[in-house]
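Peer 1: Take this structure, written in structure tokens, and hold onto it; I'll ask about it next.
The values are calculated or read from the model by the stated rules, or taken from the named source; none is laboratory data. Bear in mind the structure is a predicted one, so any value in this text is a computation, not a measurement. For neighbour counting, all protein chains shown are included, and Cβ atoms are generated from backbone atoms with ideal geometry for every residue, glycine included.
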Amino acid sequence: MFHNNILLSSAGREFNWELFQSSLMPMILGAIQYTIPLTLFSFAIGMVIALLTALARLSTSKILAGIARVYVSAVRGTPLLVQLFIIFYGLPDLGIVIDPFPSAIIAFSLNVGAYASEIIRASILSVPKGQWEAGFAIGMTQRQALSRIILPQATRVSIPPLSNTFISLVKDTSLASLILVTELFRKAQEMAAREFAFLQLYITAAIIYWIISFLLSLIQGRIENRLERYVAK
Amino acid sequence: MLISVKDLHKSFGELEVLKGMDIEIEKGNVIAIIGPSGSGKTTLLRCLNALEMPNRGSFHFHDGFDVSFNKNPSKNDILRLRRKSGMVFQSYNLFPHKTALENVMEGPVIVQKKEKGQVRELAESLLQKVGLGEKMHLYPHQLSGGQQQRVGIARALAIEPELMLFDEPTSALDPELVGEVLRVIKELANEGWTMAIVTHELKFAEEVADHVLFIDGGHIVEQGPPSEILKNPKEARTMQFLDRMLNPS
């Protein structure tokens, strides 16, 4: 009886090499099909939103700055999971039905847009005023000075914090599992429920996330090195 | 007459820095602007290319271009005004993410939309002129203060301005680097560039300026040829200032 008990529960406790092998592929596929595209699309769209929001907040127009401020406050002040649920489970009440994957992209883009806009705004403000003036003095318009002089310098400052946002996003995409996107973690959940091997499968999923994040931080380091070339060491 | 400015006023909040100045700059002349710190001389210079927006005043150029600040001037007028002058800053303000050559090319290529190959030749010759032909591919942080300021001068010259503005161009430099920058400015004066220079270097002002403005308390107190203003000033405030500059202790 005692002996039996151990045997029964050991199904979940011992590392199952076969299960590891058979579970790896679906999870990696989930990452390639959903986690990574979700991250890349959301980040790209989010960065556009972030730049526009940062510029709106820095603009002299009170209305634009106000809209941007409310947007950032609302997104940062509410849980990402709740935003995701409002878009996927809530909007159908208004007759707006969006598929899981685009729903996730919308939610994550808006989320990244709000957080990254603050980073971009701070980076733009960190460029000395004399740089704007030097641009104006050679006859540049506001737009030319921004794109040629200010943003390239702001980019360098913003890479480390934006990389944090990016890596957070990779991990946040696991929330999409709750709106039926069959990404990495959803795959892990499905297999875990089937095989009763929760610990092993969730740790496997965790390690895959870790590896992705680690690779991304290597890329971050390379970008930073490239952008440091004009800075005094 | 290259430019004539009438009734120039500038306030920062409650503080009125320029209290109505009339200035005329002859083509080919070098104007030295001197005065105690806080007198408004830098503000005056920055108003000349609208880096500070004057609260009042009108600009008239020899080619018929007029811009008035008595009502809000259009963006186009501001751009046109700025493109008439080149500015050299006290702290250089070079673009740190661009090489010396790229700094100089930026204005002609981006603002004036000139052809790159042509601009490159112009930029190289300007850098050679300021003695930096060998350093044109270095970034600003790889250059000394004096070298950076000379790149700053080349960058301002590159847009072929009608008027060169210098805002205390040697104040941020170590004493041993002042000479190389002043030499370049002197050379420009000899070539006939029209220039307005805010400076503390009285000896230099005496050597290069055709006309000296002494400014104090937001007014032009006295102006005239350097032999007059710097050697035989009529106003007590000018005398006091010169005395303090020449005998600092």
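Peer 1: Kindly list the number of the only condition in (1) of a type in the set (Val, Ile, Thr); (2) free of Cβ contacts under 8 Å to residues at least 60 places away in the same chain; (3) assigned to a strand (DSSP E or B); (4) within 29 Å of A:SER126 (Cα to Cα) that fails for B:VAL17.
Peer 2: If we test B:VAL17 against (1) of a type in the set (Val, Ile, Thr); (2) free of Cβ contacts under 8 Å to residues at least 60 places away in the same chain; (3) assigned to a strand (DSSP E or B); (4) within 29 Å of A:SER126 (Cα to Cα), just (2) comes out false.
Peer 1: Could I ask something else about it? Would you confirm whether any residue within region A:111-126 is closer than 30 Å to B:LYS98 by Cα, of a type outside the set (Lys, Arg), within 14 Å of chain B (Cβ to nearest Cβ) and out of contact with any Leu (no Cβ under 6 Å at 6 or more places or on another chain)?
Peer 2: Yes, region A:111-126 has at least one match.
Peer 1: Which residues, counting only those in region A:119-145, are farther than 21 Å from B:SER91 by Cβ and in contact (Cβ under 8 Å) with a residue 40 or more places away in the chain?
Peer 2: Correct list: A:ILE119, A:ILE120, A:ARG121.
Peer 1: Mind telling me which of the residues B:GLN149, B:GLN118, B:GLN128 ends up being part of a helix (DSSP H, G or I) and within 30 Å of B:GLY38 (Cα to Cα)?
Peer 2: Going through B:GLN149, B:GLN118, B:GLN128 in turn, just one is part of a helix (DSSP H, G or I) and within 30 Å of B:GLY38 (Cα to Cα): B:GLN149.
Peer 1: Do we find that A:LEU162 is surrounded by fewer than 22 Cβ atoms within 10 Å (Cβ to Cβ), in contact with a helix residue (DSSP H, G or I) (Cβ under 9 Å, 6 or more places away or on another chain) and in a helix (DSSP H, G or I) in this structure?
Peer 2: No.
Peer 1: Report, by residue number, each residue of region B:44-91 that is outside any loop (DSSP other than H, G, I, E, B) and over 22 Å from A:GLY135 (Cβ atoms).
Peer 2: If the condition is that a residue be outside any loop (DSSP other than H, G, I, E, B) and over 22 Å from A:GLY135 (Cβ atoms), then B:ARG56, B:GLY57, B:SER58, B:HIS60, B:PHE61, B:ASP66, B:SER68 are the ones that fit.
Peer 1: Would you confirm whether or not region B:92-104 contains a residue that is within 14 Å of chain A (Cβ to nearest Cβ) and either among the acidic types (Asp, Glu) or part of a strand (DSSP E or B) (or both)?
Peer 2: yes
Peer 1: While we're on this one: When you go through (1) part of a helix (DSSP H, G or I); (2) within 22 Å of A:ALA107 (Cα to Cα) one by one for A:THR182, which number turns out not to apply?
Peer 2: Here A:THR182 meets the rest and fails (1).
Peer 1: Looking at region B:173-191 only, could you name the residues that are within 15 Å of the chain's Cα centre (by Cα) and more than 15 Å from B:GLY131 (Cβ to Cβ)?
Peer 2: If the condition is that a residue be within 15 Å of the chain's Cα centre (by Cα) and more than 15 Å from B:GLY131 (Cβ to Cβ), then B:ALA189 is the only one that fits.
Peer 1: Let me ask something else about it. Would region B:162-179 turn up any residue that is touching a residue at least 40 places away in the same chain (Cβ under 8 Å), out of contact with any Gly (no Cβ under 8 Å at 6 or more places or on another chain) and part of a helix (DSSP H, G or I)?
Peer 2: Within region B:162-179, not a single residue is touching a residue at least 40 places away in the same chain (Cβ under 8 Å), out of contact with any Gly (no Cβ under 8 Å at 6 or more places or on another chain) and part of a helix (DSSP H, G or I).
Peer 1: Give the number of residues within region B:191-243 that are touching a residue at least 40 places away in the same chain (Cβ under 8 Å) and part of a loop (DSSP other than H, G, I, E, B).
Peer 2: 9
Peer 1: Given the options A:GLY221, A:GLY130, A:GLY135, A:GLY139, name the one that is over 23 Å from A:ALA104 (Cβ atoms), part of a loop (DSSP other than H, G, I, E, B) and among the small types (Gly, Ala, Ser).
Peer 2: Checking each option against the conditions leaves just A:GLY139.
Peer 1: Please work out which one of (1) within 14 Å of another protein chain (Cβ to nearest Cβ); (2) farther than 13 Å from B:PHE95 by Cα; (3) exposed (fewer than 14 other Cβ atoms within 10 Å of the Cβ) is the condition B:GLY117 fails and give its number.
Peer 2: (1)
Peer 1: Turning to a different aspect of this structure: Going by the conditions given, is B:VAL67 more than 8 Å from every other protein chain (Cβ to nearest Cβ), touching a Lys or Arg at 6+ places or on another chain (Cβ under 9 Å) and free of Cβ contacts under 8 Å to residues at least 12 places away in the same chain?
Peer 2: no
Peer 1: Go through B:ASP167, B:ASP210, B:ASP174, B:ASP243 for me and flag whichever is surrounded by fewer than 19 Cβ atoms within 10 Å (Cβ to Cβ), modelled with pLDDT of 95 or more and either within 27 Å of A:PHE136 (Cα to Cα) or of a type in the set (D, E, K, R) (or both).
Peer 2: On inspection, the qualifying residue turns out to be B:ASP210.
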